[in-house]
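Let me begin by presenting the structure, written as structure tokens, before commenting on it.
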Amino acid sequence: MPQLLDAVQAAEDCYFDSVSQIHMPAWHTGRIALVGDAAHCAALLSGRGTSLSLTGAYYLTEELKAARE
Ligand SMILES: Cc1cc2nc3c(=O)[nH]c(=O)nc-3n(C[C@H](O)[C@H](O)[C@H](O)COP(=O)(O)OP(=O)(O)OC[C@H]3O[C@@H](n4cnc5c(N)ncnc54)[C@H](O)[C@@H]3O)c2cc1C
């Protein structure tokens, strides 16, 4: 920790944010559905959040299209 604090103080800039998770009772209600980070935020170290978001939007679109047919 002392090493980390020294590095932060010596850095020219620093990105800092809090991390939290909200447990929702459902992923959809009525005409509203969650996709992307709101539905399945990946762990910070896993990455690929953009891929998950685009994939979720793609499948939601496909399901909405199929529901109309
Ligand atoms: C520092 C950092 C680095 C990352 N690096 C990577 C990476 O290398 N590769 C990767 O795949 N992913 C990465 N991610 C994750 C990736 O950015 C997200 O997983 C992805 O952007 C999620 O897309 P989203 O559309 O679900 O949410 P967002 O991109 O967060 O979009 C949500 C949008 O909703 C808007 N919004 C919020 N509230 C309201 C409101 N009340 N009314 C209207 N609009 C609203 C916001 O302004 C925002 O534009 C990174 C994330 C961070 C923070």
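Quick notes on this one:
- The listed residue being surrounded by fewer than 10 Cβ atoms within 10 Å (Cβ to Cβ) and in contact (Cβ under 8 Å) with a residue 12 or more places away in the chain, out of Leu52, Leu44, Leu4: Leu44
- Test: residue in segment 18-41 that is basic (Lys, Arg), away from the ligand (no atom under 16 Å from the Cβ), out of contact with any Lys or Arg (no Cβ under 9 Å at 6 or more places or on another chain) and at pLDDT below 90: yes
- Some residue of segment 25-32 being touching a His at 6+ places or on another chain (Cβ under 7 Å) and surrounded by 10 or more Cβ atoms within 10 Å (Cβ to Cβ): no
- Residues in segment 4-41 that are among the β-branched types (Val, Ile, Thr) and farther than 24 Å from Tyr59 by Cα: 2 in all.
- Test result for Asp17, surrounded by 10 or more Cβ atoms within 10 Å (Cβ to Cβ) and out of contact with any His (no Cβ under 9 Å at 6 or more places or on another chain): no
The values are calculated or read from the model by the stated rules, or taken from the named source; none is laboratory data. None of these values were measured; they are calculated from a predicted model. Here the Cβ is made from the backbone with ideal geometry for all residues, glycine too, and neighbour counts use every protein chain on show.
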